[in-house]
Structures are given as C-alpha cells and as structure tokens.
C-alpha cells in the first residue's frame with residue numbers, strides 16, 4: 001500500500017484481527033450469516049495483506065494480479081448471492097470490486113505520471129472512481145456507526161437483555177453489534193486505503 005508505514009502497520013493489524021474475528025463467526029449462526037462472515041473474513045485478510053508496509057515486505061509484482069483474481073472471484077460470488085435477494089451481498093460486491101480496483105491501481109506500472117504520494121510513491125487509479133468509492137464508504141461508515149449507538153432499554157427491561165449467562169445472553173460469536181463493528185472497521189479501513197490512491 002502506498003503511504004506512510006505507520007498507517008500501513010495499523011491497517012494491517014486492524015484488518016487482520018477483523019478477518020480473524022469474522023473467521024470465528026463462521027462457526028455459529030444460520031448459514032446466511034456464516035456465508036456473510038466468510039466473505040468478510042476474505043475481505044479482512046485481503047485488506048491486511050494489501051496494507052503490509054513496503055518496508056516490511058515488498059511483494060513480487062505478480063502479487064497484485066493474484067489479489068485482483070481472488071477479489072474478481074469474490075465479486076462474482078457476491079453478485080450471484082446478491083441476485084438471489086441478499087441485501088448485504090450488494091455491499092460485498094462493491095467491496096470486492098473496490099479491492100480489484102485497488103489491486104490494479106497499486107500494481108507496478110499502473111501509476112499516473114505526476115501523481116505522487118508521500119515518500120515518493122506514485123498514485124494510481126481513476127480520480128472520479130476513487131471519489132465515488134470514497135463517498136460510498138463515507139456514507140456506509142456513518143450509517144454503520146449510527147446503528148452502533150445503543151437505543152434506550154424499554155421500561156422494566158434490563159439493559160443487558162438478561163442476567164449474565166442467563167437465557168437472554170447471546171454467544172459472543174453471534175452478537176449482531178460485534179458483526180456490525182467488524183463491518184464498520186472494514187469500511188473505515190477501505191476508506192483509508194482508498195485515500196492513498
């Protein structure tokens with residue numbers, strides 16, 4: 001990833017942990033949720049790999065083609081799932097296509113002459129498309145963050161939904177707010193990665 005090494009380290013760690021949590025989510029819940037968690041794990045690990053600072057590891061030139069192929073496959077899968085009526089799969093489709101776009105834009109030789117980032121790295125990509133994706137992820141992050149704000153508990157209901165370990169307690173891997181926090185994290189990471197193009 002182009003840009004300062006510190007942001008690359010932070011994105012790598014954040015996306016790696018998010019991918020690992022999404023991978024754990026694939027063990028619980030209905031099949032639809034497990035399928036979404038698998039797609040999010042692939043996205044998290046792919047973003048972590050793309051964010052590895054060049055100071056740590058300079059990937060071979062063919063790596064970007066592998067990223068593009070993997071996420072082109074993920075895009076096709078998301079398109080099939082979205083066409084079957086999966087609402088969140090449209091977001092997976094946009095995310096996978098954005099990853100293909102970033103892989104192509106970050107590939108050696110894809111930079112536009114004269115478009116330099118910090119540390120002398122050249123930027124690639126189409127500014128208008130990058131702007132549209134940035135706007136999409138900005139709106140997505142703001143909407144997701146708004147959903148994480150807790151609603152006040154109804155009168156007479158405990159805030160936690162029940163006693164710890166009681167019947168109202170949800171397993172940590174299937175808690176909807178944690179899944180939403182993972183999606184929010186990946187949306188912010190995608191926004192940050194797009195800023196470096």
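The values are calculated or read from the model by the stated rules, or taken from the named source; none is laboratory data. Keep in mind that what you see is a predicted model, and the values were worked out from it rather than measured. Neighbour counts run over all protein chains shown; Cβ positions are idealised from the backbone, glycine included.
The single condition from (1) under 11 Å from the mean Cα position of the chain (by Cα); (2) at pLDDT below 90 that residue 164 fails is (1).
If you take the residues of segment 31-46 that are in contact with a helix residue (DSSP H, G or I) (Cβ under 9 Å, 6 or more places away or on another chain) and free of Cβ contacts under 8 Å to residues at least 40 places away in the same chain, which of them is nearest to residue 193 (Cα to Cα)? Residue satisfying both the conditions and the ranking: 45. Candidates 129, 56: the one that is modelled with pLDDT of 75 or more, surrounded by fewer than 16 Cβ atoms within 10 Å (Cβ to Cβ) and at negative phi is 129. The numbered conditions (1) closer than 20 Å to residue 194 by Cα; (2) over 17 Å from the mean Cα position of the chain (by Cα); (3) loosely packed, with under 15 Cβ neighbours inside 10 Å are all true for residue 13 except (2).
Applying the criterion of being in contact (Cβ under 8 Å) with a residue 40 or more places away in the chain and either in contact with a strand residue (DSSP E or B) (Cβ under 7 Å, 6 or more places away or on another chain) or assigned to a helix (DSSP H, G or I) (or both) to the residues of segment 47-90, the residue that is farthest from residue 16 (Cα to Cα) is 81.
Quick one: residue 21 ticks every box in (1) under 12 Å from the mean Cα position of the chain (by Cα); (2) surrounded by 18 or more Cβ atoms within 10 Å (Cβ to Cβ) bar one, so which box is it? With (1) under 12 Å from the mean Cα position of the chain (by Cα); (2) surrounded by 18 or more Cβ atoms within 10 Å (Cβ to Cβ) applied to residue 21, the lone miss is (1). Among the numbered criteria (1) assigned to a helix (DSSP H, G or I); (2) touching a helix residue (DSSP H, G or I) at 6+ places or on another chain (Cβ under 6 Å), which single criterion is violated by residue 28? Among (1) assigned to a helix (DSSP H, G or I); (2) touching a helix residue (DSSP H, G or I) at 6+ places or on another chain (Cβ under 6 Å), the lone unmet condition for residue 28 is (1). The set of residues in segment 93-119 that are assigned to a helix (DSSP H, G or I), surrounded by 13 or more Cβ atoms within 10 Å (Cβ to Cβ) and at pLDDT below 90 contains only 106.
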